[in-house]
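Below is one structure, written out as structure tokens; comments come after it.
The values are calculated or read from the model by the stated rules, or taken from the named source; none is laboratory data. Everything quoted here is computed from the prediction, not taken from an experiment. Backbone-built Cβ (ideal geometry, glycine too); neighbour counts: all protein chains shown. Surface areas here come from the heavy atoms of the whole protein model, side chains and all, with no ligands, DNA or RNA. Shrake-Rupley method; radii C 1.70, N 1.55, O 1.52, S 1.80 Å.
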Amino acid sequence: MSRFLHSGYHHPVLRIWQAGSSTNLADALLYPIFISDEDSCIENITTLPGQKRFGIQHLNSVLSPLVDDGLKAVLLFGVITKLDKDAAGSSATSPLNPVIKAIPIIRKSFPSLLVVTDVCLCAYTSHGHCGILNEAGQIDSLKSMDAIAEVAAAHAKAGAHVVAPSDMMDGRIGAIKKHLLEINKINTVAVLSYSAKFASAFYGPFRDAAKSAPSSGDRKCYQLPPMSRGLAIRATQRDVDEGADMIMVKPGMAYLDIVRDLKNQFPHHPLAIYQVSGEYAMLFHAASNGVFDLETVVMETVGGMRRAGADIIISYFSPQILKWLKRDMQDKLSIADEK
């Protein structure tokens, strides 16, 4: 499946990302948003100050000013309160799933926006794990990778430009590519793999935001151990061999060495880094309490991520970054006009 290349540059934003970290920062941003199955919902996320869960009725009003500020790409997460959660995560592929309902609306309203969808089961399973469990409560690899591939196919059929499996199941990239080939989407839907996703304490606020915390146990048997440098390279090699168009390191700040390792090992694959919810909350609260200036520290951390080798920056600070960049550009133009 790694021989299919067109999927990696079928969209103008993907072609920009193929240029690597030489691209403008605004073009490199990917903004995560949480979409509720309550269509009229707009709800503050207490653990992620400044972020909200909202229903599809608010998509246009939320995204329009961001697109005006230069946003090029969004990463969609579904949050369900009305749909059922079961052991198989069946609601992940339901026509009523909030992500599946949101994709065509965004495509129609913002035709230039790259639509990336998170592909996982944790927000839809009754047990909160990212795959299907067997009778012993362990991951069933074959059933899990097939279920993940079905979710990816459902997103592709709805119109996603990129599917991003975050589940960390073995074999899921190959399974997704096979499903995309079967539905004739192999050239028009890219796969951004969460290839080096670590079992991190920094995910706490996200699990509240997405209502996806496991009901028992943890995810240490499929997410990578934090100290496992070699596993990060091996897991990414596995996903590249199976046909991933893009790769990722998650979380961000504590794993910049992994970013550099992967950029050295896979220089021809666009590399994303996810500045996760705990990183966002940590910087937000520290700045709110006068520890440092928010803009200065955010731009420093994002700059460090790009210096380490990241081509794509996934950050909840994307709206602020875009405003800061827009202001700086306007200031430069004003100075030029005065001259």
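Quick one: ranking Ile183, Ile148 by accessible area, 1.4 Å probe, largest first, what do you get?
Most to least solvent-accessible, the answer reads Ile183, Ile148.
Give the separation of the Cα centroids, region 179-193 to region 1-57, in Å.
For region 179-193 versus region 1-57, the Cα centre distance is 18 Å.
How do Trp324, Trp17 rank by accessible surface area computed with a 1.4 Å probe, from largest to smallest?
I get Trp324, Trp17, largest accessible area first.
Helix 277-288 versus the longest principal axis of the chain: what is the Cα-based angle in degrees, 0 to 90, to the nearest 10?
30
Counting heavy atoms of the protein chains only and a 1.4 Å probe, report the per residue accessible area for region 1-52 as a whole number of Å².
Accessible area per residue, region 1-52: 47 Å².
Rounded, prolate or oblate: pick one for the chain, where a ≥ b ≥ c are the square roots of the eigenvalues of its C-alpha gyration tensor, a/c under 1.5 means rounded, and failing that, prolate if a/b is larger than b/c, else oblate.
Taking the square roots of the gyration eigenvalues as a ≥ b ≥ c, the chain is rounded.
Report, to the nearest whole %, how much of the accessible area of the chain belongs to carbon and sulfur atoms, 1.4 Å probe, protein only.
Answer for the chain: carbon and sulfur cover 54 percent of the accessible area.
Tell me the angle of helix 256-265 to the major Cα principal axis of the chain, expressed in degrees between 0 and 90 and rounded to the nearest ten.
Around 70 degrees separate the two axes.
Among Ile56, Ala232, Val79, pick out the residue whose Cα is farthest towards the positive end of the charge dipole of the chain, where Lys and Arg carry +1 and Asp and Glu carry -1 on C-beta, about the Cα centre.
Selected residue: Ala232.
Is it possible to state the helix-based mean residue ellipticity at 222 nm for the chain, with each DSSP H run of 4+ residues giving -39500 (n - 2.57), the sum divided by total residues, to the nearest 500 deg cm²/dmol? What is it?
That comes out to -12500 deg cm²/dmol.
Tell me which aspartates and glutamates have Cα within less than 13 Å of Lys250's Cα, excluding those fewer than 8 residues away on the same chain?
Asp167, Glu279
If you fit an axis through the alpha-carbon atoms of helix 98-109 and take the longest principal axis of the Cα set of the chain, what angle between them do you get, 0 to 90°, nearest 10?
Long axis of 98-109 versus the principal axis of the chain: about 40 degrees.
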